[in-house]
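Novice: The structure under discussion is supplied below as structure tokens; questions concerning it will follow.
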Amino acid sequence: MIEKRFKKKLYETDFMNRIEELKMDLKNHRNQNFWGQVLQHQSLQSTKYMSKWIEAKNS
């Protein structure tokens, strides 16, 4: 059952086509990806504050 449901051949072409579409308009895709932007922002903020903490700890 699992083998039938997740056959690579069933999804391979659609998946590769979607990847190519995204590559062609990557900037627009990233601009529309709200949650990705939120996660990126949070990641940058945590790095910023971690470096400030390390700097303060070492002073």
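The values are calculated or read from the model by the stated rules, or taken from the named source; none is laboratory data. These numbers were taken from a predicted model, which means no experiment stands behind them. Using ideal geometry, Cβ is built from the backbone for each residue, glycine included, and neighbour counts are taken over all protein chains shown. Side chains included, ligands, DNA and RNA excluded: accessible areas come from the protein's heavy atoms. Shrake-Rupley method; radii C 1.70, N 1.55, O 1.52, S 1.80 Å.
Novice: Under 6 Å by Cβ, and 6 or more places apart or on different chains, what pairs join a residue from the stretch 26-42 that is part of a helix (DSSP H, G or I) with one that is hydrophobic (A, V, I, L, M, F, W, C)?
Specialist: Between residues of the stretch 26-42 that are part of a helix (DSSP H, G or I) and residues that are hydrophobic (A, V, I, L, M, F, W, C), the close pairs are H29/L22.
Novice: Something else now. Quick check on my filter: what residues within the stretch 3-15 are open to solvent by 100 Å² or more (accessible area, probe 1.4 Å) and assigned to a helix (DSSP H, G or I)? Spell out how you get there, then give the answer.
Specialist: Just the residues of the stretch 3-15 that are open to solvent by 100 Å² or more (accessible area, probe 1.4 Å), to begin with: 3-11, 14-15.
E3, K4, R5, K8, K9, L10, Y11, D14, F15, listed by residue number.
Novice: When residues of the stretch 32-59 are filtered for being over 30 Å from L22 (Cβ atoms) and not polar (S, T, N, Q), how many remain?
Specialist: 8
Novice: Give K48, K23, K57 a once-over and let me know the one that is part of a helix (DSSP H, G or I), basic (K, R) and open to solvent by less than 100 Å² (accessible area, probe 1.4 Å).
Specialist: On the way: K23 fails: open to solvent by less than 100 Å² (accessible area, probe 1.4 Å); K57 fails: open to solvent by less than 100 Å² (accessible area, probe 1.4 Å).
Of K48, K23, K57, the one residue that is part of a helix (DSSP H, G or I), basic (K, R) and open to solvent by less than 100 Å² (accessible area, probe 1.4 Å) is K48.
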